Every structure is written in C-alpha cells, then in structure tokens.
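The values are calculated or read from the model by the stated rules, or taken from the named source; none is laboratory data. All figures in this text were calculated on a predicted structure; none of them were measured in a lab. Using ideal geometry, Cβ is built from the backbone for each residue, glycine included, and neighbour counts are taken over all protein chains shown. Remember, those area values only see protein heavy atoms, side chains included, never the ligands or the DNA or RNA. Shrake-Rupley method; radii C 1.70, N 1.55, O 1.52, S 1.80 Å.
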Amino acid sequence: QVQLVESGGGLVQAGGSLRLSCAASRSIWRINAMGWYRQAPGKQRELVASVESITSGGRTNYADSVKGRFTISRDNAKNTVYLQMNSLKPEDTAVHYCNAHFGGAFGSDYWGQGTQVTVSS
C-alpha cells in the first residue's frame with residue numbers, strides 16, 4: 001500500500017505554468033508506474049502522463065493534448081513524482097490526481113485526494 005498526497009495546484013492565467021508534486025508514503029523505487037490523471041466536471045477521468053520505474057523500462061507516456069507542454073518526472077530519493085505544466089490552457093482546468101500502479105494489467109492502483117488546477121482565459 002501507499003498513500004499519495006498532491007500539492008501545487010491553483011489558479012493561473014492561460015499561458016502560465018504550474019508544477020504539481022505527489023509525495024508518496026513509501027519508497028516509489030519499485031512502483032511499476034506513477035502517473036497523473038485529471039477529471040473535469042462532467043467528464044471521465046483521463047490519463048495526463050505516466051512514468052514507469054527503471055526496472056519496468058523507465059518509459060514516459062503523455063496524452064496527445066499535453067505533449068510538448070507537460071513533463072512528468074520521478075525523484076526516487078524523495079519518493080515524489082512531479083508534473084511540470086507549461087503553456088497552460090483553459091481546457092487543462094480539472095482536478096488532477098496522482099496514481100501509483102503496482103503490477104501489470106491486473107495490478108493494484110492507489111490514488112491521491114486530488115488537487116484543483118484552474119486556468120483562466
């Protein structure tokens with residue numbers, strides 16, 4: 001098990017930047033994948049970005065809508081995952097959730113409580 005605590009959300013104007021942080025309660029070294037998801041009002045939760053552990057390949061994956069603007073990274077020494085968000089758009093407005101995935105396709109998922117990101121036009 002792992003507890004996840006997000007921080008760094010807030011209100012920003014279009015074109016601005018924010019950095020979200022996700023602090024884990026235990027070592028993330030062996031967590032297969034860490035990711036950020038978001039959910040806007042009336043919409044389904046969607047993947048924003050994910051990063052695999054080194055032992056799983058270390059690959060990153062981004063939603064098409066954020067490629068070139070967002071960067072995900074993991075600091076295993078600090079048990080923290082970051083999401084650097086640049087060139088923010090109003091459509092990025094959503095509650096952003098941190099996710100930890102253990103195992104393969106039928107593994108276990110843990111979620112943080114979410115942090116609100118609001119981008120004004």
Suppose the filter is open to solvent by less than 60 Å² (accessible area, probe 1.4 Å), in contact (Cβ under 8 Å) with a residue 60 or more places away in the chain and closer than 20 Å to GLY8 by Cα; does VAL48 pass it? no
Could you check, for the range 76-97, whether at least one of its residues is in a strand (DSSP E or B) and either more than 14 Å from LEU20 (Cα to Cα) or at pLDDT below 95 (or both)? no
So the check is Cβ under 8 Å with 6+ separation or different chains; which pairs have a first residue in the range 88-110 that's among the polar types (S, T, N, Q) and a second one that's surrounded by 16 or more Cβ atoms within 10 Å (Cβ to Cβ) and assigned to a loop (DSSP other than H, G, I, E, B)? ASN99/GLY112
Does the range 50-59 include one or more residues that are outside any strand (DSSP E or B) and in contact with a helix residue (DSSP H, G or I) (Cβ under 7 Å, 6 or more places away or on another chain)? no
Which of the residues belonging to the range 51-66 are within 13 Å of the chain's Cα centre (by Cα) and either surrounded by fewer than 15 Cβ atoms within 10 Å (Cβ to Cβ) or not hydrophobic (A, V, I, L, M, F, W, C) (or both)? GLU52, THR60, ASN61, TYR62
Just checking, does the range 13-35 include any residue being touching a residue at least 12 places away in the same chain (Cβ under 8 Å), part of a strand (DSSP E or B) and open to solvent by 60 Å² or more (accessible area, probe 1.4 Å)? yes
I'd like to know if the range 92-111 contains one or more residues that are over 19 Å from GLN44 (Cβ atoms) and either polar (S, T, N, Q) or in contact with a Lys or Arg (Cβ under 6 Å, 6 or more places away or on another chain) (or both). yes
Enumeration of residues in the range 67-88 that are surrounded by 12 or more Cβ atoms within 10 Å (Cβ to Cβ) and of a type in the set (A, V, I, L, M): ILE72, VAL81, LEU83, MET85, LEU88
Please determine, by comparing only the residues of the range 89-105 that are within 15 Å of SER56 (Cβ to Cβ) and out of contact with any Cys (no Cβ under 9 Å at 6 or more places or on another chain), which one is surrounded by the most Cβ atoms within 10 Å (Cβ to Cβ). HIS101
